[in-house]
Amino acid sequence: MPDSLWQQQDVCRRDEWLAGSGQQISRSGWKRKEIFLKPVCKICRGDTTLIKKQSRKPELRRLYWRCLNCDFIFMDDRFILTPEQEISIYENHENSIDDPEYVAYFSRFIEHAILNHKRTENPVCLDFGSGPEPVLAQILRQQFGWQADIYDKFYAADTTYIGKTYDLITSTEVAEHLDDPMHYFRLFKKLLNPGGILAVMTLLHPSDDEAFKRWFYIRDMSHISFYSRRTMQQIAADLDLDIVYCDGHRHITFAAR
């Protein structure tokens, strides 16, 4: 990120800025005063406060916004990667069904977030954000015999889910990449059968801003959206879903009513 970005007044691309409302935040920058127009929360449209990640390295300086209502934290839009930059990060991932540790990683997710909460013996599944190799879908098919569709905007872009509904939707290590999370959570709700479950895997963020700024999870520039238990409760309330499981760390399961 060019150093000049931190030395000048700038306006975000999104139309959700509270332009003209007088809700501006002034902060002292490295070389001159900066003014940032304050965005509303992307989950609940609540008021937000600035979190400024400082660094001696210009490319590591970033702005985030924390919602004062639902505790959602999101990266300022000016720092969001292009699709080309984003996929270049994913291309460095080496995840395979032949990796026992990676399979075990998903097996724990299945055990805790799915098996005790599914309401159908042989659920029809959708793995949303399946990645370059759909390991989770392969496990669901091979070990459990469940039908599992996949979708990934880069690697499996055929929208096979259109016109279908599902007993189980999985979304693992996807929510942190979503620029407009509520758009996708509304889609998940629409695709769920009554009693169906949505099992999500994403690390929940630290409650303290200083701890957040030191958190390893934000080092990945493709991670732009961060949730807490309170955020997930807000999503559930807004979409008429129930949270049937949350380990307080990484796994959250919603159920459709």
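Bear in mind these aren't lab numbers, they're just calculated from the coordinates by the rules spelled out. Predicted model, so just to flag it, every value in this text is computed and none were measured. Here the Cβ positions follow ideal geometry from the backbone for every residue, glycine too, while neighbour counts run over all protein chains shown.
What the table below lists for this structure:
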read-out	value
17 Å Cα-Cα reach of LYS213 towards aspartates and glutamates, excluding residues that sit fewer than 8 places from it in its own chain	GLU59, ASP71, ASP76, GLU176
Within a Gaussian network of the chain (alpha carbon springs, distance under 10 Å), most fluctuating of ILE110, ILE43, ILE197	ILE110
Beta bridge orientation in the chain: antiparallel %, DSSP, nearest 5	65
Cut-off 10 Å between beta-carbons: net charge of the residues surrounding VAL200, Lys and Arg +1, Asp and Glu -1	0
Average Cα contact separation per residue, the chain, under 8 Å, 6 or more apart, as relative contact order %	16
Alpha-carbon centroids, the range 186-257 and the range 84-98: separation in whole Å	23
Shape parameters for the range 111-190, alpha-carbon atoms, Rg then Dmax in Å	12.3, 34
Gain on full stretching of the segment that runs from PHE144 to ASP179 - 0.36 nm per residue minus C-alpha separation	9.3 nm
Principal axes of the chain: Cα extent on each, largest first, Å	61, 37, 32
Of PRO58, PRO194, PRO123, the one that fluctuates the most in a GNM where the chain has Cα springs shorter than 10 Å	PRO58
